[in-house]
Amino acid sequence: MYGQMMHQPLLISSLLRHAERHHSEQWIVSRRVEGDIHRYTYKDMAARARQLAQALQRLGLTPGQRVASLAWNSYRHLELYYGASGSGLVLHTLNPRLHPDQMAWIAQDADAQVLCFDLTFLPLLEGAAHQFSHIRHFVLMTDRAHMPQHTSLPHLLCYEDLLAAETGLYDWPLLDEQAASSLCYTSGTTGNPKGVLYSHRSTVLHSLASALPDAFNLSARDAILPVVPMFHVNAWGLPYSACMVGAKLVFPGPALDGKSLYELFEAEGVTMAAGVPTVWQGLLHHVQSQQLRFSTMKRTVIGGSACPPVMINTFEEQYGVQVIHAWGMTELSPMGTVCTLKNEQQGWPLEQRRAIQNKQGRSIFGIDMKIINAEGEELPWDGVTAGELMVSGHWVVDSYIHGQHSATVADRQGRSWFPTGDVATIDPQGFMNITDRSKDVIKSGGEWISSIDLENIAMSHPAVAMAACIAARHPKWDERPLLLVSIKPGAELDKDTLLAFYGDKIAKWWTPDDVIFIDAIPLGATGKMLKHRLREQYQNHLIDQGLQ
């Protein structure tokens, strides 16, 4: 027997339809790359998203094709989130912090047909246009007054001209809720990045869960400022969940320094923000140095890398801002755990509460997790026993794009679990704490750096016999790459020469912070480098040497 309830598919367009009908006058505020502040409502945004859907259709795109974006957090990027996905296309966000070679490879792997980008990235794309030859249309996300007079980009279109040519009389199609809605690529993995293809269903469920009181606690009374980029796992889903609850949205554009963020917080009455620890370090430095206070800020979600305990203390004790420590991955859309205290923990002594808050948090409905040993056996939740962290849930990846790589493993009951590559403990109350990483990627300021790529470049130098790159602790960026090198007999090489060798082969911020020359890289029985030994010996090198 089936229930006799309406069946309405969970679609991204339904989030926008709800906001337009029930929160039509709520503000969306953006600091634009053109230098001014833009302000309009959900009603305005919904109308322009329909115009955008029409424009993309007029460009010849058909359902399922990919629309790439290379843009900061802004109202135009938000229109792409809804206009592309809502019309049955797939929004594919590109990370501008990657090397152009990597961006081009990802865009080609995704088979993106159109690339919409901010003015900031015009020089970058002009210099790399030959690598994006598969793109049918480049769309500059600006108005006619800011279009370049001359450009080497072929078929360059003006975003505002495209919208102005459409009526906005458009009905969102009734899609299958399992249809693809957006596409993000992992970074820092060995080999090429892998595409994670989100569905309308998974995105809406993720939005519902993230708004829960024990998650981000979002409502129509909030003014939300996502500092986390919209090109970074869809800004942790905030553009969707804010629309769902009717919250005010404040977009910072490219200005993410402490002064610019603080001024926007105060001017727009921001109550909630989200970002990685390095961003909050800059904000706190500005606030402390200028002896300022937060007028409206109530809470901040901090993820991307572990939040330093001193940051939690500073926000909460000096400024009365609640810190919500969270953990996730691209494969988890990205929310996995959120660290909010349970009722009985509220009255614990401060030191005990902080010990909980320093963990990555607990699951909310929609995500399950467990830790296992090397034999696949589930380990106890005692807060001490560590094992590989596995997750399962409604917004967890099943397989990567093109179906080339299954992302999950099945347990004895046939249930699918995603191996995160992290080693963790879980305490009796369900709070998870990551203790190590099984992968050797380096997490710097919330972004991943591949140690394998850095090693391969170093070993392509004629004087290098072997190279190992490890994550060294850093007071600001959490981790930075440290390169350990053995030189070929009779060869000569110094640090500056080797670092200069990286040149334009990588994004500049990937460059190792230091190089240590050693006689030999330790190897195991199978010939693999024993990086754990190098980490044990050198993980504090940058701090000990005062390299910041």
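Of all residues in the range 518-537, none are touching a residue at least 60 places away in the same chain (Cβ under 8 Å), under 18 Å from SER460 (Cβ atoms) and in a helix (DSSP H, G or I). Filter the range 443-459 for residues that are touching a Ser or Thr at 6+ places or on another chain (Cβ under 6 Å) and of a type in the set (A, V, I, L, M, F, W, C); which is farthest from VAL279 (Cα to Cα)? Looking at residues that are touching a Ser or Thr at 6+ places or on another chain (Cβ under 6 Å) and of a type in the set (A, V, I, L, M, F, W, C), I get ILE452. In the range 221-263, the qualifying residues are those that are of a type in the set (Phe, Trp, Tyr) and outside any strand (DSSP E or B), and the one that is farthest from the chain's Cα centre (by Cα) is TYR262.
In the range 491-515, the residues that are part of a loop (DSSP other than H, G, I, E, B) form Cβ pairs under 6 Å with partners that are surrounded by 13 or more Cβ atoms within 10 Å (Cβ to Cβ) and among the hydroxyl-bearing types (Ser, Thr, Tyr), at six or more places apart or across chains, as follows: THR511/TYR502.
Let's see how each residue does on (1) surrounded by fewer than 18 Cβ atoms within 10 Å (Cβ to Cβ); (2) in contact with a His (Cβ under 6 Å, 6 or more places away or on another chain); (3) outside any helix (DSSP H, G or I):
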site: LEU284; (1), (2), (3): no, no, no
site: GLN291; (1), (2), (3): yes, no, yes
site: MET297; (1), (2), (3): no, no, yes
site: VAL301; (1), (2), (3): no, no, yes
site: VAL310; (1), (2), (3): yes, no, no
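Scanning the range 49-67 turns up at least one residue that is surrounded by 15 or more Cβ atoms within 10 Å (Cβ to Cβ), among the basic types (Lys, Arg) and over 26 Å from the mean Cα position of the chain (by Cα).
Looking for whichever is in the same structural domain as SER87 (by TED's automatic domain parsing), under 25 Å from ALA53 (Cβ atoms), surrounded by fewer than 21 Cβ atoms within 10 Å (Cβ to Cβ) and among the small types (Gly, Ala, Ser) here; the options are GLY127, GLY168, GLY195. Which one fits? I'd like the intermediate steps shown before the answer.
Working: GLY127 fails: under 25 Å from ALA53 (Cβ atoms); GLY195 fails: surrounded by fewer than 21 Cβ atoms within 10 Å (Cβ to Cβ).
Selected residue: GLY168, the only one of GLY127, GLY168, GLY195 that is in the same structural domain as SER87 (by TED's automatic domain parsing), under 25 Å from ALA53 (Cβ atoms), surrounded by fewer than 21 Cβ atoms within 10 Å (Cβ to Cβ) and among the small types (Gly, Ala, Ser).
Listed residues PHE418, PHE431; which is under 28 Å from ARG66 (Cα atoms), out of contact with any Phe, Trp or Tyr (no Cβ under 8 Å at 6 or more places or on another chain) and not assigned by TED's automatic domain parsing to the domain that holds ALA112? Even if it seems obvious, please write down each step before you answer.
Values: PHE431 fails: under 28 Å from ARG66 (Cα atoms).
None of the other options fit; the residue is PHE418.
Within the range 348-365, the residues that satisfy the criterion of being of a type in the set (Gly, Ala, Ser) and either surrounded by 22 or more Cβ atoms within 10 Å (Cβ to Cβ) or modelled with pLDDT under 95 (or both) are ALA355, GLY361. Counting only strands (runs of 3 or more DSSP E) that sit wholly inside the range 332-448, those with at least 1 residues that are small (Gly, Ala, Ser) and over 30 Å from GLN108 (Cα atoms) are 387-393, 416-426.
The test for being among the hydrophobic types (A, V, I, L, M, F, W, C), part of a strand (DSSP E or B), touching a helix residue (DSSP H, G or I) at 6+ places or on another chain (Cβ under 7 Å) and farther than 24 Å from TYR502 by Cβ holds for LEU91.
Considered as a group, the residues in the range 312-334 that are among the acidic types (Asp, Glu) and either out of contact with any strand residue (DSSP E or B) (no Cβ under 7 Å at 6 or more places or on another chain) or surrounded by 19 or more Cβ atoms within 10 Å (Cβ to Cβ) (or both) include one that is nearest to TYR262 (Cα to Cα), and that residue is GLU317.
Please find, among ASP494, ASP514, the residue that is in contact with a helix residue (DSSP H, G or I) (Cβ under 7 Å, 6 or more places away or on another chain) and either in the same structural domain as PRO462 (by TED's automatic domain parsing) or at pLDDT below 95 (or both). Walk me through it before giving the result.
Details: ASP494 fails: in contact with a helix residue (DSSP H, G or I) (Cβ under 7 Å, 6 or more places away or on another chain).
On inspection, the qualifying residue turns out to be ASP514.
Do you know which of the residues in the range 68-88 that are among the small types (Gly, Ala, Ser) and not in a helix (DSSP H, G or I) is surrounded by the most Cβ atoms within 10 Å (Cβ to Cβ)? Checked the range 68-88; the qualifying residue surrounded by the most Cβ atoms within 10 Å (Cβ to Cβ) is ALA68.
For the range 102-127, what are the residues that are among the aromatic types (Phe, Trp, Tyr) and touching a Leu at 6+ places or on another chain (Cβ under 8 Å)? Talk me through it step by step, then tell me what you get.
Taking the range 102-127 first, the residues among the aromatic types (Phe, Trp, Tyr) are 105, 117, 121.
Passing the criteria: PHE117, PHE121.
Scanning the range 43-100 for residues that are of a type in the set (A, V, I, L, M) and modelled with pLDDT under 95 yields a single hit, LEU98.
Using the structure shown, decide if VAL485 is within 23 Å of ALA520 (Cα to Cα), surrounded by 15 or more Cβ atoms within 10 Å (Cβ to Cβ), touching a strand residue (DSSP E or B) at 6+ places or on another chain (Cβ under 7 Å) and not basic (Lys, Arg). Yes: the conditions hold for VAL485.
The values are calculated or read from the model by the stated rules, or taken from the named source; none is laboratory data. Note that this is a predicted model, so its numbers are computed, not measured. So basically every Cβ, Gly included, is an ideal-geometry build from the backbone, and we count neighbours across all protein chains shown.
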